[in-house]
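Participant: Sharing a structure here in structure tokens format.
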Amino acid sequence: MPPKTVRLLFLLFVSHCSLFFSQWSFAQTLQTADVNYDPQIQTVLLYPAIGGDVTTPGRTLNPPVIEVNNDAPLTLEFDDLTGDYRPFRARLVHCNADWQKSIINDIEFTYEFNDHPITDYQVSLGTKVQYYHYRFAVPKVKLPGNYVLVVVDERNPRRLILSRRFCTYQNKVNVGATVLFSVSPQRQFADQQIDLILSYRGYEVISPQDDFKVVIRQNFRDDKIITNLKPTNVQAFEQRLDYRLFDLSNTIGGGNEYRFFDTRTVLSRANFVDRIVPRAEVTMAYISTDQPRSVGAYIQFDDFNGRYVIDHRETGNGSVSADYIETVFTLRTPEVLDGEVYVNGGFNSWRLDDRNRMTYDPATSTYRAAILLKQGVYNYDYAIARQSPRPFVDESLLEGNFSQTENDYEVFVYHRPPANRADQLVSYRRVNFGRRR
């Protein structure tokens, strides 16, 4: 083929790509976080497709973190409560360790064209609230690192529908992690401490004490992380870094076991459901009235560490047979004058917004919130959003902090190899503290 013809074809290809990517200039600002931009989109689940059984309720409890060469893909599921079919498309966005969009091109981290139609859908069966249930297998990527899965409306590609974070890793360095009570006498009954050993033997790195970026995440929550850790000991000959910090920068509040309730059936009252009120349009479930738990002894019980599972007891097919229930939460406590109270959990991606904000009733001295939730088993807690002296979220006042609490921790180690233009996830480790099962 003549060189001029090759050049012309190349220019046409670049022009086509530019025209396509211009469609991804969104009307809203893309947040590289777990966000539902469309309020009609609910129950968004992103999880590793382990075992291939899409009906097992517990399949969604694993976080969206997989090996880059794993044959089992991530699966995305969500519901559209408009009751009408809408075509959606998905694409991937590559991010650095700080979840800011990287500068690398799509062709550097994807195996195929970065535009994917979502064609697998079902209509809900026998539910009062009609919805379309969508399922999508996330395509494989080439590079280990941070990614955001973005879904848009196919009829209006500038309209964002949802975004979800996920990670792929390739263990090139070894991480040892130990979780224990805080070494601080003042915080040993409330906080947990994570000590790390990072071994990079055989891995090329120029300045190990500065080049590795370590992130510790508690209970798969992006609002509960530890960052900016610096090693306390650099053993150059053994190629090892120790993170045994005495400034308490590697400690985090233990929190409390999460509250939970069970709405898998509305034919009878299950755990922590006070009453069920059937209505023509939507069934209502009143959760048992809660009290603050910051005063008193720690009580041990099992939970999902803030997550939830969708299930329908009568059919066993929660994906399309579980109905949406108007779930009413009640918290009996004096009014909090310096903050807003929220019912919080993985069901809302740990975001505090109008959907889960509670309203205070002085006549009954209770906070109340009604949230439309799909049938299942849910973990949750209560949080206070304060603005003074700085904006922060306080869960300890209503839930307490106990160092005995069972928690899951993840350790992410990022590094930007020489001559590379983006951070890679070169090690991932999960460790549990206090598991009793």
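Participant: Which of the residues spanning the stretch 197-244 are at pLDDT 95 or above, part of a loop (DSSP other than H, G, I, E, B), of a type in the set (D, E, K, R) and closer than 16 Å to residue 97 by Cβ?
Facilitator: Within the stretch 197-244, just 222 meets the criteria.
Participant: Over 26 Å from residue 342 (Cα atoms) and either in the same structural domain as residue 35 (by TED's automatic domain parsing) or surrounded by fewer than 16 Cβ atoms within 10 Å (Cβ to Cβ) (or both): is that true of residue 289 in this structure?
Facilitator: On the way: over 26 Å from residue 342 (Cα atoms): no; either in the same structural domain as residue 35 (by TED's automatic domain parsing) or surrounded by fewer than 16 Cβ atoms within 10 Å (Cβ to Cβ) (or both): yes.
Considered against the rule, which asks whether it is over 26 Å from residue 342 (Cα atoms) and either in the same structural domain as residue 35 (by TED's automatic domain parsing) or surrounded by fewer than 16 Cβ atoms within 10 Å (Cβ to Cβ) (or both), residue 289 comes out as no.
Participant: Residue pairs, Cβ under 7 Å, 6 or more apart or interchain, first in the stretch 366-390 and touching a residue at least 12 places away in the same chain (Cβ under 8 Å), second among the small types (Gly, Ala, Ser) and in a strand (DSSP E or B). List them.
Facilitator: Final answer for the pair search is 384/339; 385/339; 386/339.
Participant: Something else: Could you please give the count of residues in the stretch 387-411 that are over 23 Å from residue 345 (Cβ atoms) and in the same structural domain as residue 204 (by TED's automatic domain parsing)?
Facilitator: Total satisfying the criteria: 1.
Participant: Only one residue in 276, 299, 325 is over 25 Å from residue 59 (Cα atoms), buried (at least 16 other Cβ atoms within 10 Å of the Cβ) and hydrophobic (A, V, I, L, M, F, W, C), so which one is that?
Facilitator: Of the residues listed, the single one that is over 25 Å from residue 59 (Cα atoms), buried (at least 16 other Cβ atoms within 10 Å of the Cβ) and hydrophobic (A, V, I, L, M, F, W, C) is 276.
Participant: Moving on. List the number of the failed condition for residue 143; all other conditions in (1) of a type in the set (A, V, I, L, M); (2) assigned to a loop (DSSP other than H, G, I, E, B); (3) farther than 30 Å from residue 199 by Cβ hold.
Facilitator: Answer for residue 143: the failing condition is (3).
Participant: Another question about this same structure. Being charged (D, E, K, R) and out of contact with any His (no Cβ under 9 Å at 6 or more places or on another chain) is the filter here, so list the residues in the stretch 98-119 that pass it. Show your work before the answer.
Facilitator: Narrowing the stretch 98-119 to residues charged (D, E, K, R): 98, 101, 106, 108, 112, 115.
Selection gives 98, 112, 115.
Participant: Please work out which one of (1) in contact with a Phe, Trp or Tyr (Cβ under 8 Å, 6 or more places away or on another chain); (2) on the phi < 0 side of the Ramachandran plot; (3) outside the structural domain of residue 245 (by TED's automatic domain parsing) is the condition residue 145 fails and give its number.
Facilitator: Residue 145 satisfies every listed condition except (2).
Participant: Residues of the stretch 337-373 being within 20 Å of residue 289 (Cα to Cα) and either among the aromatic types (Phe, Trp, Tyr) or in contact with a helix residue (DSSP H, G or I) (Cβ under 8 Å, 6 or more places away or on another chain) (or both), which ones?
Facilitator: 341, 342, 347, 355, 356, 360, 367, 371, 373
The values are calculated or read from the model by the stated rules, or taken from the named source; none is laboratory data. None of these values were measured; they are calculated from a predicted model. Glycine gets a Cβ as well: all are built from the backbone with ideal geometry, and neighbour counts include every protein chain shown.
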